[in-house]
1. Please report the antiparallel percentage of the DSSP beta bridges confined to segment 2-169, to the nearest 5.
2. What do you get for GluC sites (Glu not before Pro) in segment 31-127 restricted to DSSP loop and a cutoff of at most 10 other Cβ within 10 Å of the site's Cβ?
3. Please list the helices of the chain that count as membrane-span-like by this rule: a mean Kyte-Doolittle hydropathy of at least -1.0 together with Cα atoms stretching 20 Å or more along the helix axis, each helix being a complete DSSP H run.
4. Of the peptides 178-184, 154-160, how do they stack up when ordered by the mean number of other Cβ atoms within 10 Å, highest first?
5. Given all pairs of different Cα atoms, what value in angstroms does the Kirkwood hydrodynamic radius of the chain take?
6. Return the subset of Lys194/Lys333; Lys194/Lys450; Lys238/Lys333; Lys128/Lys194; Lys141/Lys331 for which the Cα-Cα distance in this structure is over 25 Å, preserving the input order.
7. What ranking do Phe230, Phe129 get, fewest neighbouring Cβ atoms within 10 angstrom at the top?
8. Which GluC sites (Glu not before Pro) from segment 392-434 combine a DSSP loop assignment with at most 14 other Cβ atoms within 10 Å?
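What follows draws every value from the coordinates through simple rules; no lab data is involved. Bear in mind that the values here come from a model prediction, so they are computed numbers and not experimental data. No Cβ is skipped: glycine too gets one built from the backbone with ideal geometry, and neighbour counts run over all protein chains shown.
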Amino acid sequence: MASKMSGGVSVTEIDELMISVAGIRGVVGLALTPETTLRFARAYGTFCRKGRESPRDRPKVLVARDTRPSGEMLHHSVLAGLLDTCCEVIDLGIAATPTLQLAIFHHEADGAVAITASHNPQEWNALKFFQPNGMYLNKVKGKQFLDLTEAGEFTRCRWDTLGTWTEDTEATRRHLDRIETLVDVTAIRRRKLKVVLDCCNGAAGVISPLLLRELGCERVLINCDLTGHFPHSPEPVKENLAQLCQAVRESGADVGFAHDPDVDRIAVVTEKGEAVGEEYSLVLSTAYVLSKVQGPVVTNLSTTQTMRDLAVQHGCEMHWTPIGDVNVSEKMKEVGAVIGGEGNGGVILPEIQYARDGVGALALLLEYLATSGKSMSALIDELPRYAIVKRTVQFPRDRIHQAWDELQQTISADEVDDRDGLKFVWETRWVHVRPSGTEPIVRVIAEAAKEAEANRLCDAVEERLRLVAAA
Ligand code: MG
């Protein structure tokens, strides 16, 4: 991967298309072109047609995009591919990904395509494919789809059986309505919260400012236009929220929130202007939900053990899953979870849908503030606190098996989970080691009471990885 500076912004020049079961991702103009997009859209249209004989028996497929400037071009390419494979296309235009997922149910659609590279830099874009149940393609469905794409035998319509296209301009409204029936709107309005919102000029601009207004908040909106020109790195992690923190301090707001460009994630800034880290979005949501209703909790293996502490505190079951939105969603549905999500700021509220929903989380956290009568920093202080350290280590992909053997032989833990990489767990600390699916790197995440201890866990793993790489 090479980088160059353009107008002060670092631009990636990677020319390989990243393909996974959930979709494709690439740098626009290098790996991701209208031709590539067309091919995958035709493949997906054919995939959604499964079992339909007549070209006039059209599967219903929804399409939405975030605000990235390349979205317009890719959007047209996706439409062409779906129309050519005799689909009934319903076009949401610019919309949050959770809005699209919710619309799948409204339309009883056979599938949906989101054109968004989520938190990746601006030069990236991606196609993400969904199932009729609103979730991303899982391992099984994703493999079927990729096999079909590889085979290249796609449906082709004649001029008189082409697909159809209509717009859905009400999807955002329906999403807001759904959220507003589930939170205590009266309580939130009564508290008259002053809220700073940073949408990073992403798709959140079409929905979250409206939600704040309807919940009676005094709004300070930054980066909420729809230009798709990201004013800062779009991942809603601490180091990218300086502007938001400053705006909270200067405006004397009660709280600040940031979304990523496809709005499935949210990050919180306290009234003191402190970014608390993306882990806290799920932790705060869980603390609040479990205080009202008790039931199973689901999160992925790389998420903070505070989740387990909260589950224990409320006498609830805790379930850990491999990384990936669909793994968490499927487990939540299976066990009837009351809340779940991921430590990256993705909160899943099953009353809305089994999908990470940054807008739903925004409303829930406002309700927590309003009904508790406390400040955001006071709510955070009530939570168990650990230090989490995340590292990326260069490691050759063909040596992963040796690395796993070495780690299992030399690290002794109370519990070892090998469902997604290797996770070593002790009573109050853990370290999770997992290879990237697309790059020659290994991610090492550790959590302990103190940062030094978490760093020691990462050091121990890194040292063993180095030994294996050098052997
Ligand atoms: Mg996202």
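1. Working: 17 of 33 bridges.
Beta bridges within segment 2-169, antiparallel portion: roughly 50 percent.
2. Details: sites: Glu35, Glu53, Glu72, Glu88, Glu108, Glu123; in loops: Glu53, Glu108, Glu123.
Sites meeting the loop and neighbour criteria: Glu53, Glu108.
3. On the way: long enough: 34-48 (21 Å, -0.16); 279-292 (21 Å, 0.61); 358-372 (21 Å, 1.43); 451-470 (28 Å, -0.16).
Taking the DSSP H segments of the chain (at least 20 Å long, mean hydropathy at least -1.0), we get 34-48, 279-292, 358-372, 451-470.
4. Working: 178-184: 17.4, 154-160: 12.4.
Going from most to least packed, we get 178-184, 154-160.
5. Numbers: mean 1/r = 0.0434 Å⁻¹.
For the chain, the Kirkwood estimate is 23.0 Å.
6. Lys194/Lys333; Lys194/Lys450; Lys238/Lys333; Lys128/Lys194
7. Values: Phe230 19, Phe129 24.
Going from least to most buried by this count: Phe230, Phe129.
8. Details: sites: Glu406, Glu415, Glu427; in loops: Glu427.
For GluC sites (Glu not before Pro) across segment 392-434 that sit outside H, G, I, E and B with at most 14 neighbouring Cβ atoms in 10 Å, the list reads Glu427.
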